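Visitor: Here it is, the structure, as structure tokens.
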Amino acid sequence: MHTDKKIKIYSTPTCFYCVKVKEFFAKNNIKYEEVNVATDMKGREEMVKKSHQLGVPVIEIGHEVIVGFDRVAIEEVLGMK
Amino acid sequence: MYDLIIIGGGPAGISAGIYAARKKIKFLLITESFGGQSVVASEIQNWVGIKSISGFELAKKMEEHFMVQPGIEVEEGSLAEKIEKISSGFSAEGGPAVGWKVHLKNGKSFETKTILAVAGGRRRRLGVIGEKKFEGKGVAYCSTCDAPMFAKKTAAIVGGGNAALGAVKDLSAYADKVYLIVRSENIKGDQALFEEIKKDKKVEILLNSEVIEVFGSLTGEFVGGVKYLDKKDGTSKELKLDGVFVEIGSVPNSEFLGDLVKKNKYNEVVVDHGSQKTSCESIWAAGDITDLPYRQIIISASDGIKALLSIKEYLNGGK
């Protein structure tokens, strides 16, 4: 599907739920930018500042910040339902 | 109407599904996602036939093995919400012709003659002051996900099973200092893994120690440490920490079964451990949703198969 909203996924390489989020976006043909917070310190700071917490994945869709692979929340923000 | 609905896609559900497909039972497998609780394990070294594999890789292999079976039907992405008794017109031993309607959270429903409940469990919480307040703010439940966030920091893992020992290894790869806080005197996990951890200079092990509170840092926004009871001398002590990883087992996802089956005080479904039958005819259960004493991937997988073979007998009219 097409969306004008900018999407960023903050993740770590060994995180199962991060893989699942990326699979979800790939399956729906939605483009996203990935930030590996295991190595990207600036990205990590950005993630903590935006989400006020330390867990991954964090999904930023436009101005909305979703913590964890919350499929229902993602679909809602993207207007998929 | 299906002959069987399998509710859950962890090791028990997948193994039962493979057997059901090979026996050409008309069945549906309902799961939110495949793999079960061990998908977050960084390393599994006790799955027979594979020396070492990540939980994620093992889950993927299991899912692939199931998905290549011909004629399978899968409803993925939603959870079972409740089960309703209906008439099925099928009776195994001349008893009442009971069937079931499985209602999902996404509004769909499916009808079946028999049910195999393999919905597993979810993380057990410590249930102490501060745990909820600091969840995600230092309190974490997935070490393979969040360990890198504690690089050059101090973290504690609470628990004494293999999941806790694995988490110690995950954290030790990043953190400067790792505590393992174990409530009892003994480690429940594998000795081989424990010995590996004991050699790690970053790791300090606190046995007989029970966490009683998670407290905040100076700013109050993130975790500052834990208070724990040292049961050896009966005093309360403090540890300054940046992260607390909770790995103290699971609680069963048995709510959707309501009062249809007998459960124990932990809400685990009571089963006959030979056949995996529940107290309710035509409902079986296997894996971490049940009152099994040992929680292992391989045991869940084999219990799923025991259940399926018993279900097959039932569908054949008790033969």
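The values are calculated or read from the model by the stated rules, or taken from the named source; none is laboratory data. Note that this is a predicted model, so its numbers are computed, not measured. Cβ coordinates were reconstructed from backbone atoms using ideal geometry, including for glycine residues, and neighbour counts include every protein chain displayed.
Visitor: Is one or more of the residues making up segment B:151-166 out of contact with any Asp or Glu (no Cβ under 8 Å at 6 or more places or on another chain) and within 14 Å of chain A (Cβ to nearest Cβ)? Walk me through how you get there before you give the answer.
Guide: Our first condition is that a residue be out of contact with any Asp or Glu (no Cβ under 8 Å at 6 or more places or on another chain); within segment B:151-166, this holds for B:151, B:156, B:160.
If we keep only those that are within 14 Å of chain A (Cβ to nearest Cβ) too, we end up with B:151.
Yes, segment B:151-166 contains at least one residue that is out of contact with any Asp or Glu (no Cβ under 8 Å at 6 or more places or on another chain) and within 14 Å of chain A (Cβ to nearest Cβ).
Visitor: Would you mention how many residues in segment A:33-43 are more than 8 Å from A:TYR10 (Cα to Cα) and crowded, with 17+ Cβ neighbours inside 10 Å?
Guide: Going through segment A:33-43, the residues more than 8 Å from A:TYR10 (Cα to Cα) turn out to be A:33, A:38-42.
Next, from what is left, pick out any that are crowded, with 17+ Cβ neighbours inside 10 Å: A:38.
Total satisfying the criteria: 1.
Visitor: Answer with yes or no whether B:LYS319 is basic (Lys, Arg), surrounded by fewer than 23 Cβ atoms within 10 Å (Cβ to Cβ) and at pLDDT 95 or above. Walk me through it before giving the result.
Guide: On the way: basic (Lys, Arg): yes; surrounded by fewer than 23 Cβ atoms within 10 Å (Cβ to Cβ): yes; at pLDDT 95 or above: no.
Considered against the rule, which asks whether it is basic (Lys, Arg), surrounded by fewer than 23 Cβ atoms within 10 Å (Cβ to Cβ) and at pLDDT 95 or above, B:LYS319 comes out as no.
Visitor: Does B:GLU111 meet the test of being within 14 Å of chain A (Cβ to nearest Cβ) and either in contact (Cβ under 8 Å) with a residue 60 or more places away in the chain or in a helix (DSSP H, G or I) (or both)? Break it down stepwise before answering.
Guide: Working: within 14 Å of chain A (Cβ to nearest Cβ): no; either in contact (Cβ under 8 Å) with a residue 60 or more places away in the chain or in a helix (DSSP H, G or I) (or both): yes.
So B:GLU111 fails the test.
For every residue, the table says whether it meets (1) within 11 Å of the chain's Cα centre (by Cα); (2) within 24 Å of B:GLN37 (Cβ to Cβ); (3) not basic (Lys, Arg).
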position	(1), (2), (3)
A:ILE7	yes, no, yes
A:ALA26	no, no, yes
A:GLU45	no, no, yes
A:VAL48	no, no, yes
A:LEU54	no, yes, yes
A:ILE61	yes, no, yes
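Visitor: What number goes with the only condition from (1) small (Gly, Ala, Ser); (2) closer than 28 Å to B:ARG295 by Cα; (3) within 12 Å of chain A (Cβ to nearest Cβ) that B:SER184 does not pass?
Guide: Unmet condition: (3).
Visitor: Given (1) buried (at least 19 other Cβ atoms within 10 Å of the Cβ); (2) without any contact (Cβ under 8 Å) to a residue 40 or more places away in the chain; (3) in a loop (DSSP other than H, G, I, E, B), where does B:PHE34 come up short, assuming only one miss?
Guide: (2)
Visitor: Against the definition (more than 20 Å from the chain's Cα centre (by Cα) and either within 14 Å of chain A (Cβ to nearest Cβ) or surrounded by 17 or more Cβ atoms within 10 Å (Cβ to Cβ) (or both)), how does B:ILE14 come out, yes or no? Give the steps one after another, and end with the answer.
Guide: On the way: more than 20 Å from the chain's Cα centre (by Cα): no; either within 14 Å of chain A (Cβ to nearest Cβ) or surrounded by 17 or more Cβ atoms within 10 Å (Cβ to Cβ) (or both): yes.
No: the conditions fail for B:ILE14.
Visitor: If you take just the helices (runs of 4 or more DSSP H) that sit entirely in chain A, which of them hold at least 1 residues that are out of contact with any Lys or Arg (no Cβ under 6 Å at 6 or more places or on another chain), more than 28 Å from B:GLY55 (Cβ to Cβ) and more than 8 Å from chain B (Cβ to nearest Cβ)?
Guide: Values: elements: A:16-27, A:41-51, A:71-77.
Once the helices (runs of 4 or more DSSP H) in chain A are filtered for at least 1 residues that are out of contact with any Lys or Arg (no Cβ under 6 Å at 6 or more places or on another chain), more than 28 Å from B:GLY55 (Cβ to Cβ) and more than 8 Å from chain B (Cβ to nearest Cβ), what remains is A:41-51, A:71-77.
Visitor: Of the conditions (1) farther than 15 Å from B:GLU247 by Cα; (2) more than 14 Å from chain A (Cβ to nearest Cβ), B:LEU126 clears all except one; give me its number.
Guide: All conditions are met except number (1).
Visitor: In segment B:71-115, what residues are crowded, with 16+ Cβ neighbours inside 10 Å, among the polar types (S, T, N, Q) and at pLDDT 95 or above?
Guide: B:THR112, B:THR114
Visitor: Let me ask you something else. Mind telling me which of the residues B:LEU229, B:LEU257 ends up being of a type outside the set (Phe, Trp, Tyr) and in contact (Cβ under 8 Å) with a residue 60 or more places away in the chain? Full working, then the answer.
Guide: Numbers: B:LEU229 fails: in contact (Cβ under 8 Å) with a residue 60 or more places away in the chain.
So the residue among B:LEU229, B:LEU257 that is of a type outside the set (Phe, Trp, Tyr) and in contact (Cβ under 8 Å) with a residue 60 or more places away in the chain is B:LEU257.
Visitor: Residue under question is B:VAL48, and the condition is that it be closer than 30 Å to B:LYS169 by Cβ, more than 13 Å from chain A (Cβ to nearest Cβ) and surrounded by fewer than 22 Cβ atoms within 10 Å (Cβ to Cβ); does it hold? So that I can check it myself, show each step before the final result.
Guide: Numbers: closer than 30 Å to B:LYS169 by Cβ: yes; more than 13 Å from chain A (Cβ to nearest Cβ): yes; surrounded by fewer than 22 Cβ atoms within 10 Å (Cβ to Cβ): yes.
Yes; evaluated as a whole, the condition is true for this residue.
Visitor: Would you pick out the residues in segment B:163-189 that are touching a helix residue (DSSP H, G or I) at 6+ places or on another chain (Cβ under 6 Å) and either touching a residue at least 40 places away in the same chain (Cβ under 8 Å) or within 16 Å of B:LEU207 (Cα to Cα) (or both)? Lay out the reasoning, then the answer.
Guide: Pass one, segment B:163-189, residues touching a helix residue (DSSP H, G or I) at 6+ places or on another chain (Cβ under 6 Å): B:165, B:167-168, B:170-171, B:174-175, B:178, B:180, B:187, B:189.
Selection gives B:LEU165, B:ALA167, B:VAL168, B:ASP170, B:LEU171, B:ALA175, B:VAL178, B:LEU180, B:ILE187, B:GLY189.
Visitor: Turning to a different aspect of this structure: Just one of B:VAL68, B:VAL48 is modelled with pLDDT of 95 or more, more than 27 Å from B:GLY166 (Cβ to Cβ) and not basic (Lys, Arg); which is it? Let's see the steps before the verdict.
Guide: Values: B:VAL48 fails: more than 27 Å from B:GLY166 (Cβ to Cβ).
Every option except B:VAL68 fails the conditions.
Visitor: Counting residues that are buried (at least 24 other Cβ atoms within 10 Å of the Cβ), which strands (runs of 3 or more DSSP E) fully inside segment B:116-197 reach at least 2? Write out each step before concluding.
Guide: Values: elements: B:121-123, B:154-158, B:177-181.
The qualifying strands (runs of 3 or more DSSP E) are B:154-158, B:177-181.
Visitor: Then there is this: Within segment B:291-305, does at least one residue satisfy the condition of being within 22 Å of the chain's Cα centre (by Cα), buried (at least 24 other Cβ atoms within 10 Å of the Cβ) and without any contact (Cβ under 8 Å) to a residue 60 or more places away in the chain?
Guide: No.
Visitor: Need a quick list: strands (runs of 3 or more DSSP E) entirely within segment B:208-319 having at least 3 residues that are β-branched (Val, Ile, Thr). Full working, then the answer.
Guide: On the way: elements: B:209-216, B:223-230, B:235-240, B:243-246, B:250-252, B:283-285.
By residue number, B:209-216.
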